[in-house]
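Comments concern the structure below.
The values are calculated or read from the model by the stated rules, or taken from the named source; none is laboratory data. Predicted model, so just to flag it, every value in this text is computed and none were measured. Note that each Cβ is placed from the backbone with ideal geometry, even for glycine, and that neighbours are counted across all protein chains shown.
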Amino acid sequence: MKRDFLFAYYETPRGKLLKDLEVTYLQRSITVSCQQTILQVGGLGWENEFIDCSLYQYFSVIDAKNLACQEACKIQAKSYALPIQSNSIDMIIVPHLLEFDAARFQTFRELERVLKPEGILIVMNFNPWSIWVRYQFLWDKRLADSWGGHFISRSRLFDWLKLLNFEVSSKTEFYLDSTKTLNGAAALNSLAFTSTAYAIKAIKRRYNPIPMSLVQSLMPRLAVSNPLAAKVKHD
């Protein structure tokens with residue numbers, strides 16, 4: 001499925017509503033300091049609507065077609081081969097990219113590689129069960145490589161995150177007029193079929209194993225059960 005479908009959807013009335021909700025969500029989600037590094041994988045062209053590029057000087061956008069707003073630092077590269085040092089990024093934003101990426105599994109591994117331990121990952125996808133998204137997809141079938149598409153369900157995304165030792169901290173559902181955010185275990189157990197899109201915020205965890213050393217067995221020693229009583233009896 002081609003990513004042109006995303007930009008065509010943003011031009012529809014429902015897509016404009018979704019864009020406004022996602023702008024508000026990203027504004028609230030970017031909580032790292034201005035000195036930390038933020039990477040967006042997959043350009044949108046309107047990044048300046050949710051982040052001040054003059055304030056966040058370490059904000060960069062990687063896109064194969066060099067797509068991003070003029071104020072952002074742009075890097076033209078493939079998402080499955082990021083020219084970024086490992087463990088160097090504090091926050092990664094992936095807005096509607098994985099569902100249009102044929103090499104999404106390798107891309108996901110690259111995201112895990114470049115993100116710092118305890119770094120934040122934000123993934124935004126369409127809801128595969130949304131009637132309106134499916135309708136738009138079939139209407140714009142010329143923008144698709146197949147009739148089925150490659151929409152990613154929440155459960156599948158949760159499995160990928162768990163496999164790479166990510167901990168889901170929250171899940172947000174985007175409806176036509178509002179958003180709903182669930183945290184912790186509630187985010188994993190809830191399902192929403194009427195939302196247009198969803199966003200997952202996860203934290204990269206790294207657990208350092210504690211080395212186990214062999215315990216040397218000690219020879220048992222004899223001891224007097226009550227040495228004071230034995231001393232009194234002897235006297």
Take THR12 and decide whether it is under 25 Å from GLY119 (Cβ atoms) and among the β-branched types (Val, Ile, Thr).
-> no
Quick one: count up the residues across the stretch 88-107 that are at pLDDT below 95 and either hydroxyl-bearing (Ser, Thr, Tyr) or assigned to a helix (DSSP H, G or I) (or both).
-> 5
Counting only residues that are free of Cβ contacts under 8 Å to residues at least 40 places away in the same chain and over 16 Å from the mean Cα position of the chain (by Cα), how many does the stretch 82-98 have?
-> 3
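Yes/no matrix, rows are residues, columns are (1) in a loop (DSSP other than H, G, I, E, B); (2) in contact with a strand residue (DSSP E or B) (Cβ under 6 Å, 6 or more places away or on another chain); (3) under 21 Å from HIS150 (Cα atoms); (4) touching a residue at least 12 places away in the same chain (Cβ under 8 Å):
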site: LEU21; (1), (2), (3), (4): no, yes, no, yes
site: ARG28; (1), (2), (3), (4): no, no, no, no
site: SER54; (1), (2), (3), (4): yes, no, no, yes
site: GLN57; (1), (2), (3), (4): yes, no, no, yes
site: ILE62; (1), (2), (3), (4): no, yes, no, yes
site: GLU71; (1), (2), (3), (4): yes, no, no, yes
site: ILE75; (1), (2), (3), (4): no, yes, no, yes
site: TYR80; (1), (2), (3), (4): yes, no, yes, yes
By residue number, the members of the stretch 1-19 that are assigned to a helix (DSSP H, G or I) and either of a type outside the set (Phe, Trp, Tyr) or surrounded by fewer than 19 Cβ atoms within 10 Å (Cβ to Cβ) (or both) are ASP4, LEU6, PHE7, ALA8, TYR10, PRO13, ARG14, GLY15, LYS16, LEU17, LEU18, LYS19
All positions within the stretch 58-67 that are buried (at least 21 other Cβ atoms within 10 Å of the Cβ) and either under 16 Å from ASP101 (Cβ atoms) or among the charged types (D, E, K, R) (or both) = VAL61, ILE62, ASP63
Residues satisfying the stated conditions in the stretch 118-141, i.e. part of a loop (DSSP other than H, G, I, E, B) and modelled with pLDDT of 70 or more = ASN127, PRO128, TRP129, SER130
Restricting attention to the stretch 68-86, which residues are surrounded by fewer than 16 Cβ atoms within 10 Å (Cβ to Cβ) and of a type in the set (A, V, I, L, M, F, W, C)?
-> CYS73, ALA77, ALA81
Kindly list the number of the only condition in (1) buried (at least 19 other Cβ atoms within 10 Å of the Cβ); (2) out of contact with any strand residue (DSSP E or B) (no Cβ under 7 Å at 6 or more places or on another chain) that fails for THR37.
-> (2)
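For every residue, the table says whether it meets (1) aromatic (Phe, Trp, Tyr); (2) more than 17 Å from ARG113 (Cβ to Cβ); (3) in contact with a Lys or Arg (Cβ under 9 Å, 6 or more places away or on another chain).
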{"position": "GLY43", "(1), (2), (3)": "no, yes, yes"}
{"position": "TYR56", "(1), (2), (3)": "yes, yes, no"}
{"position": "PHE59", "(1), (2), (3)": "yes, yes, no"}
{"position": "ASP63", "(1), (2), (3)": "no, yes, yes"}
{"position": "ASN66", "(1), (2), (3)": "no, yes, yes"}
{"position": "ILE75", "(1), (2), (3)": "no, no, no"}
Given the conditions (1) in contact with a Leu (Cβ under 8 Å, 6 or more places away or on another chain); (2) crowded, with 21+ Cβ neighbours inside 10 Å; (3) without any contact (Cβ under 8 Å) to a residue 24 or more places away in the chain, report the number of the one that ASP101 does not fulfil.
-> (1)
Out of (1) closer than 20 Å to ARG206 by Cα; (2) not in a helix (DSSP H, G or I), what's the single condition that is false for ARG113?
-> (2)
Among (1) loosely packed, with under 11 Cβ neighbours inside 10 Å; (2) at pLDDT below 65; (3) of a type outside the set (D, E, K, R), where does ALA144 come up short?
-> (1)
Test for GLU49: is it touching a residue at least 12 places away in the same chain (Cβ under 8 Å) and of a type in the set (D, E, K, R) = yes
